[in-house]
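The values are calculated or read from the model by the stated rules, or taken from the named source; none is laboratory data. Remember, predicted model here, so these are calculated numbers, not experimental data. Cβ coordinates were reconstructed from backbone atoms using ideal geometry, including for glycine residues, and neighbour counts include every protein chain displayed.
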Amino acid sequence: MRRAVVELGAPVLLVVATVLITGVFSRAHQLEFKNALVMTAIAVALYVFIGNSGVISFGHVSFVAVGIYLGGILTVDPETKTFTMPGLFPSLRHTHISVVASLAFAALAGGLYGLAVGLPLMRLSGLPAGIATFAVLGITADVLYYWQKVGPTAQTLSDIPEAGRWTLGVATIIAIAAAYAYQRSRFGRMLRATREDPAAARAAGISIYRQRLIAFSLSGALAGLAGGLYVHQLGLIAPDLTYLDLTFVTLAMLVFGGVASLWGAVLGALAISALNSFLGDAENTVHIGFRLTLPAGTRLVTIGAVMALVIILRPSGLTGGREFGWRRR
Amino acid sequence: VNWGQAIADAISLGALYGLVAVGIGLVFGVMRLINFAYGELITAGAYVLAYTSGWPAPLAIITCVVAVVALALAQERIAFRPLRRMGASPAAMLVATFAVSFLLQAIYLLAFGTRGQIVGTLGQLNRAFTVDGVDIRWIALVATITGGVLLLGTGALLNRTTMGLHVRAAAQDFRTARILGVRADRVIGFSFVVAGVLAAAVSVLYTVSNPLVQPQMGVPITIFALVGVVVGGLDRLWSAALGGFAVGFVYGMFGDLLSSQQTVYLPAVVYGSVILVLLLRPAGLFAPFRARQVERV
């Protein structure tokens, strides 16, 4: 019990601290902190499947995308939608709900999409699984870019209501708590057993397919929720928001922190976000005792180099795949 | 519709993707690693060609090959060798190649800017000659022949030399090959050199028809070739090459014959068929039917 308090408490406290600090800053910096919260939610969603199963997925941004589109479009005023997206499905066009309700829908849609994708794909593992999930991402990105019935396609849809820092923070904490509850449940333990030794797990009567499918659906729901948060943080839907770049950045956050622990996912997301924001500012001059101005483009190179270095020097990530604890086990 | 020209272009594009597929498949064979940063080798070669456009073509091409091979070896030595020595999980290795790809793109962006550079080397190959009233560009012929020669050459290298024997042994069973005296670093280094030469060849041939070089130009090439490799079958080089060729050919035909309005959902259809192939024939479309399927990754 005490262990659970510490292991769940540490990431939750980190998120609460981020939300509290957010209030101190100007609006421009608030955006960066809010973005860090959203990235944390996405990394946690990735962790639920990738961390517990040991199977890589490049497709989770598809579920984030579903959350973004559904969560965003449902909160826009119907009159605006008729004007900006005349081709939209009538049910999408006429519905108008609150931000919080849209988050529930985003999570539900992400979970259902995850289940639908997982049903055939969870039979695969290793590299074929990676490629197949990537193909899912490719299909989702292609359809969202061209199908006028589901969204603004190549246009940018703006004027989506923005969520406050506490909404984002509380939703992220809910995602963390769900991920923790899952990993401590018998399902989470069974899936981790299949990660450590598939043959032994199967011999103990565990269905690898079923356990992976459960984790994939839950992970899809959390990714959908994170997508809902993302759209209400940005206040807009832009084309190509949810393709390779977001996939790479969120995966790198997870690997940077340590794939195999929830603490790693949260720490990695916040650390990379912080570095990203700092370097972004430094390209427009910051004062840290002295004036620092970096040439434009250094941000991407530094982020890339830091991530490559951590992965190469410490493939198990900053946390080494351990949960937060006072004693080293 | 000009069928002759479309088919000639599609065959040459197929040959290019066949080369990329072999480059990726060769490294996969010995290391069980999909190198997502392979496309960045092609981009590097293209930048070298852009900056040596004023030079005589043979000199520019040699510089390009040397630079790309050096970068391929650097990727292996700096990024992938330490990971392999540590026994990193396949997932971590895969993400590492993603990170290398991202880093190289960022470096290109910082060094060469977003606007892109133009390659002038071998531009005269865009002129066409006429056979039976069909216009065929010289590059289509040159790319097809070069691609064919390089594929046969790689095959000969693997089948007729001692080093090639070691590579094939390592691809069968890396640990046993090492016990029998195959030097791991040499075999892997060798496969990266060959992959680098193939990437440089792709840079030269690709930039004739697409002379604009941008930091991210390698990404779609890698993705398409990877689709081909997986659809064709990863475990054999020839099936990977055939898969790469098929993807390039289909892509070239659709690009020439259909208007851009008609091809919007083409990527979705292509990716959908990839999923189908993975589910129904995980070893690849062109893998022999009798082959026992062993899961290695």
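Do we find a residue being of a type in the set (S, T, N, Q), surrounded by fewer than 24 Cβ atoms within 10 Å (Cβ to Cβ), more than 9 Å from chain B (Cβ to nearest Cβ) and in contact with a strand residue (DSSP E or B) (Cβ under 7 Å, 6 or more places away or on another chain) anywhere in region A:310-320?
So far as region A:310-320 goes, no, none of its residues is of a type in the set (S, T, N, Q), surrounded by fewer than 24 Cβ atoms within 10 Å (Cβ to Cβ), more than 9 Å from chain B (Cβ to nearest Cβ) and in contact with a strand residue (DSSP E or B) (Cβ under 7 Å, 6 or more places away or on another chain).
Do we find a residue being within 14 Å of another protein chain (Cβ to nearest Cβ) and among the hydroxyl-bearing types (Ser, Thr, Tyr) anywhere in region A:200-217?
Yes; the residues of region A:200-217 include at least one that is within 14 Å of another protein chain (Cβ to nearest Cβ) and among the hydroxyl-bearing types (Ser, Thr, Tyr).
One line per residue, one yes/no per condition, for (1) in contact with a Gly (Cβ under 7 Å, 6 or more places away or on another chain); (2) more than 28 Å from A:PHE134 (Cα to Cα); (3) within 14 Å of another protein chain (Cβ to nearest Cβ):
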| site | (1), (2), (3) |
| --- | --- |
| B:ARG160 | no, yes, no |
| B:ARG168 | no, yes, no |
| B:ALA171 | yes, no, no |
| B:ARG178 | no, yes, no |
| B:THR207 | no, no, no |
| B:VAL213 | yes, no, no |
| B:VAL229 | yes, no, yes |
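Which of the residues belonging to region A:96-122 are surrounded by fewer than 18 Cβ atoms within 10 Å (Cβ to Cβ), touching a helix residue (DSSP H, G or I) at 6+ places or on another chain (Cβ under 6 Å) and part of a loop (DSSP other than H, G, I, E, B)?
Once the filter is applied, which keeps residues that are surrounded by fewer than 18 Cβ atoms within 10 Å (Cβ to Cβ), touching a helix residue (DSSP H, G or I) at 6+ places or on another chain (Cβ under 6 Å) and part of a loop (DSSP other than H, G, I, E, B), region A:96-122 yields A:HIS96, A:ILE97.
Determine whether region A:136-154 contains at least one residue that is more than 14 Å from every other protein chain (Cβ to nearest Cβ) and more than 17 Å from the chain's Cα centre (by Cα).
The answer is yes, given that some residue of region A:136-154 is more than 14 Å from every other protein chain (Cβ to nearest Cβ) and more than 17 Å from the chain's Cα centre (by Cα).
In region B:199-245, how many residues are in a loop (DSSP other than H, G, I, E, B) and buried (at least 24 other Cβ atoms within 10 Å of the Cβ)? Explain how you work it out, then say what you get.
Narrowing region B:199-245 to residues in a loop (DSSP other than H, G, I, E, B): B:210-211, B:214-217, B:233-236.
Narrowing further to those that are buried (at least 24 other Cβ atoms within 10 Å of the Cβ): B:233-234.
Count: 2.
Looking only at residues in region A:45-92 that are in a loop (DSSP other than H, G, I, E, B), in contact with a helix residue (DSSP H, G or I) (Cβ under 9 Å, 6 or more places away or on another chain) and of a type in the set (A, V, I, L, M, F, W, C), which one is nearest to the other protein chains (Cβ to nearest Cβ)?
So the residue we want is A:ILE56.
Going by what's in this entry, would B:GLY113 be described as under 17 Å from B:ALA44 (Cα atoms), within 14 Å of chain A (Cβ to nearest Cβ) and free of Cβ contacts under 8 Å to residues at least 12 places away in the same chain?
Numbers: under 17 Å from B:ALA44 (Cα atoms): yes; within 14 Å of chain A (Cβ to nearest Cβ): yes; free of Cβ contacts under 8 Å to residues at least 12 places away in the same chain: yes.
In short, yes.
Which one is surrounded by the fewest Cβ atoms within 10 Å (Cβ to Cβ), of the residues in region B:75-92 that are more than 8 Å from every other protein chain (Cβ to nearest Cβ) and farther than 14 Å from A:ALA305 by Cα?
Filtering first and then ranking leaves B:GLY87.
Considering region A:170-213 alone, what residues qualify as being among the polar types (S, T, N, Q), over 21 Å from the mean Cα position of the chain (by Cα) and either within 14 Å of A:SER261 (Cα to Cα) or in a loop (DSSP other than H, G, I, E, B) (or both)?
A:SER185, A:SER207
Among (1) over 26 Å from B:ASN159 (Cα atoms); (2) modelled with pLDDT of 85 or more; (3) assigned to a helix (DSSP H, G or I); (4) not β-branched (Val, Ile, Thr), there is one condition B:TYR251 misses while meeting the rest; what is its number?
Failing condition for B:TYR251: (2).
Pull out all pairs, ordered by first then second residue, where Cβ-Cβ is under 8 Å, the residues are six or more apart or on different chains, the first lies in region B:133-151 and is within 21 Å of B:ALA199 (Cβ to Cβ), and the second is surrounded by fewer than 15 Cβ atoms within 10 Å (Cβ to Cβ).
Listed pairs, sorted by first residue: B:ILE139/B:ASN126.
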